[in-house]
Each structure stands twice: as C-alpha cells, then as structure tokens.
Amino acid sequence: MKNLPNVQTALALALFTAVAPGLQAQVAAQPSHWFRGNTHAHTLESDGDSPPDSVARWYRDRGYHFLFITDHEKLTDPEPLNARYAVAGKFLLIPGQEVTQRVVDSTHVDKLRQAHVNALGASHVVMPQGDKGLAKGITMKDGYATNIAGIRSAGGIAQVNHPNFRWSVRLADLLAIPDSTLLEVMNAHTGVNNDGDGAKAPSTEALWDSLLTRGKIVFAVGDDDAHSFRATNADAYELTRPGRAWIVVRADTLTAASILAGIRRGDFYASDGVMFKEYTANTKEVRISIQAVYDARYRTEFIGANGQVLATVSGLEATYTIRGTEGYVRVRVTDSNGHKALSQASFIRR
C-alpha cells in the first residue's frame, strides 16, 4: 500500500485506529448514536442553589441524555436519582466530583492559584492536597499529577477545569498531564475568562492548541459549570445558569459504561449551540456535516498546529484533504448567531 500519512485520531469520531505507515488500517466499528450531556454542575451539596433532585430534573426535562453532578469534594450517588429520573435510552446520571485543589503561590495576585479537576465516573471521592484543599510547597504541575493519578486510580476520567479562572493555569503547568485528559475549553460560567486577556493569558482554545502543537492528546470539553438553577437572583443566575454548553458523545447505547468509554477515547465534540450531523476522519480527509437550525449560516474552519487556519468553508458540509504536514487537524464550526462547536484533533504522523 501507499506510504500514507498516519493520522492518529485523538478523536474517535473517526472511523479507524491509529496505524504506522506501511501497516493496514484497522477499521473500528462506528457507534451509531449521539448523546448530549453536561460534565460540570453543582447542587446544594456544595455551592449550588438547588438540590440534586432539581438539577437532575432540569437536565432531563430539557432533552439532555446524561449528567455528571460534580460538587466540590462530594460524590453524589446516582443510583437513588436514577431510580427517580432515569429513562432507558433517554436520560441517566453518572457519578462525578470536582477536586478543588488550590496551590500557594506568593507571586500570584491572589497569593494562590486554582487547579480544579473534575473526576468523571470515579468510584469514590478524591480529596485535594493540603488543609481544606490549599497546598503549600508543591507546584501546580505536582497538584495536577497527584490528583489526576488519584482520579484514574478510582476508575475516573480527569477533566482540567476553567484554566483561566483567576488567571491561574499556565501552559507549563499542563505539559506533563497524561494523554486523554479532558480540558474545559468552553466553560459557560461567565466569570472564567475563556477568551483570555493578552496581558494575562491566552484564550482557553489557544491554550488547547499550544498543548496539541506539543503533541499532547487532550480532549476539549464544553460544559455549564452551573450553580444557579433559580432565576430569583438575576445576577447570579446569569453568571452560572445551566444549558449553555455541553458535549455530544457518540456511543452505541445510553449507559454509564458506554458514555464513559466514548469520552475516554475522545469520541465526542464540544458545543454551545452548533450540532454535528456526522464527522469522520481518515488517512485522506476530514469530513463534517452540520445539522441545520432555522436560517443560521455556518462557517467551518479546519485548524492545524499553532492554531493555524488551514481552510475555511461555508455551508452545511465541508471536507479537508490531508496533506501530511499539518501536525494535527481539528474543526471549529461557527454559526451566524455566534454559537460554535469544536471537534477533537486528529494527529498527523509521517
């Protein structure tokens, strides 16, 4: 066979497994369903304003398929909630927790930095280091390493949360995180600085590109980080209300095992409004089809190493032919209402 570029798909929305040049690609069976869910939500069990029952019901009643309740240092048992609110093939809750790590840093304006990590699907609570989660004498890199290892040993998936919250996380802090870690690129909480600030930090999407450019297989997540489910306090509700960002996982069935497996292999995309109809990547091309909503117009950008835009296409379908020099290819779709969706990255190896 031809010595084609090897596309290592960090996005298993693709139809093949990674291969070395000269070896035959092994085509994987493609899961057949899309499931939308939220990986970050709080309740009265920590700093939310509503009980777990109300939060579960909110997402179920609005067509979400799955939910992780991620209270600080609290792992909510999903079984009682699933007994009341789960619907076979339509909705379920999966265990989650936010590990609220803080690290003392006298050089930071706050004298500390935030290194929060979600534990998705973990079997037990993972406690942050230090007294009440404030650790002295360790680096941010150390904090992430220990907590991610703890999450994985509990059978969970680690998600690095809101890196620009309080301008806490820097690129160097994340260079040693293990592959297949999730990164909150689209956190819908309005106080976490996703867009960055030229004087303080790049955008979270630019941070993600910096990691990808260095060969880190990191999966981009969109989620709510919801705290306010009641509109009685308008300011608080607007700051942290639900329903503004999510992921869509491709899986065979709506079970905790299937959803977690899809997330682990990067078989999902992040969105705050744009929905994919289909997405495939192989050794020759990356192809996308978008689900039309009303009269919105769509722009698809194919993005490579260093965040370089490789090609831009308007319309509901777009295809990019792989040259083999891109480093990786990912897709960003933006609609005329300002909503967007992000695919995962497909790495190009020669």
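What follows draws every value from the coordinates through simple rules; no lab data is involved. Here the structure is a predicted model, which means the values were calculated and not measured. No Cβ is skipped: glycine too gets one built from the backbone with ideal geometry, and neighbour counts run over all protein chains shown.
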Whole-angstrom Cα spans of the stretch 115-163 along principal axes, big to small: 29, 21, 15
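At 222 nm, what value in deg cm²/dmol follows for the chain if DSSP H runs of at least 4 each add -39500 (n - 2.57) and the sum is divided by all its residues, to the nearest 500?
Values: 7 runs with 62 residues, N = 350.
Value at 222 nm, helices only: -5000 deg cm²/dmol.
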Residue with peak Gaussian network fluctuation, the chain [Cα springs, cutoff 10 Å], from Ile259, Ile157, Ile290: Ile290
Reach of Lys132 by Cα under 30 Å, taken over lysines that are not fewer than 8 positions away in the same chain: Lys74, Lys111, Lys141, Lys200
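Restricting things to alpha carbons, find the Rg to Rh ratio for the stretch 285-350 using the Kirkwood radius for Rh. Show your work: numbers first, answer last.
Details: Rg = 12.0 Å, Rh = 12.2 Å.
Result: Rg/Rh = 0.99.
Around Ser289, what is the net charge, scoring Lys/Arg as +1 and Asp/Glu as -1 over all other residues with Cβ under 12 Å from its Cβ? Walk me through the numbers before you get to the answer.
Numbers: positive: Lys277, Arg287; negative: Glu278, Glu317.
Taking every Cβ under 12 Å from that of Ser289, the sum is 0.
May I ask for the Kirkwood hydrodynamic radius of the stretch 231-350, worked out over all distinct Cα pairs and given in angstroms to one decimal?
On the way: mean 1/r = 0.0634 Å⁻¹.
By the Kirkwood definition, the hydrodynamic radius is 15.8 Å.
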Bins of 5 Å, starting at 0 and running to the largest distance - Cα pair percent for the stretch 195-290: 3, 10, 13, 17, 22, 16, 11, 6, 2, 1, 0
4 °C / 1.567 mPa s Stokes-Einstein diffusion coefficient of the stretch 168-214, Kirkwood radius on C-alpha pairs, µm²/s: 114
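Under 11 Å from the Cβ of Thr334, count the other residues' Cβ atoms, weight Lys and Arg +1, Asp and Glu -1, and hand me the total.
Working: positive: Arg297, Arg299, Arg332, Lys340; negative: Asp272, Glu301, Asp335.
Local charge sum for Thr334: +1.
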Distribution of pairwise C-alpha distances over the stretch 24-162, 5 Å bins, in %: 2, 10, 18, 18, 16, 13, 10, 7, 4, 2, 0
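Using the 10 angstrom Cβ neighbour count as an exposure proxy, how do Glu278, Glu98 rank, fewest first?
On the way: Glu278 14, Glu98 26.
Exposure proxy ranking, most exposed first: Glu278, Glu98.
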Dipole of the chain, positive end: most advanced residue of Phe165, Trp208, Gly307 [Cβ charges, Cα centre]: Gly307
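What are the semi-axes of the equivalent ellipsoid of the stretch 32-266, taken as the square roots of 5 times the eigenvalues of the Cα gyration tensor, listed largest first and rounded to whole Å? All intermediate terms of the calculation are to be shown ahead of the outcome.
Working: eigenvalues 145, 77, 61 Å².
Semi-axes, largest first: 27, 20, 17 Å.
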Listed residue (Asn82, Thr100, Phe68) projecting farthest to the positive dipole end of the stretch 58-101, Cβ model: Asn82
Point-charge dipole on Cβ atoms (K/R +1, D/E -1) for the chain, about Cα centre, debye to 20: 980
Neighbour-count order for Met275, Met186, Met127, fewest beta carbons within 10 angstrom listed first: Met127, Met275, Met186
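Counting pairs of alpha carbon atoms under 8 Å apart in space and at least six apart in sequence, what relative contact order in percent does the chain give?
Values: 871 pairs, mean separation 62.9, N = 350.
Relative contact order of the chain: 18 percent.
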Charge dipole (the chain, unit charges on Cβ, about Cα centre) - positive-most of Pro178, Gly198, Met275: Pro178
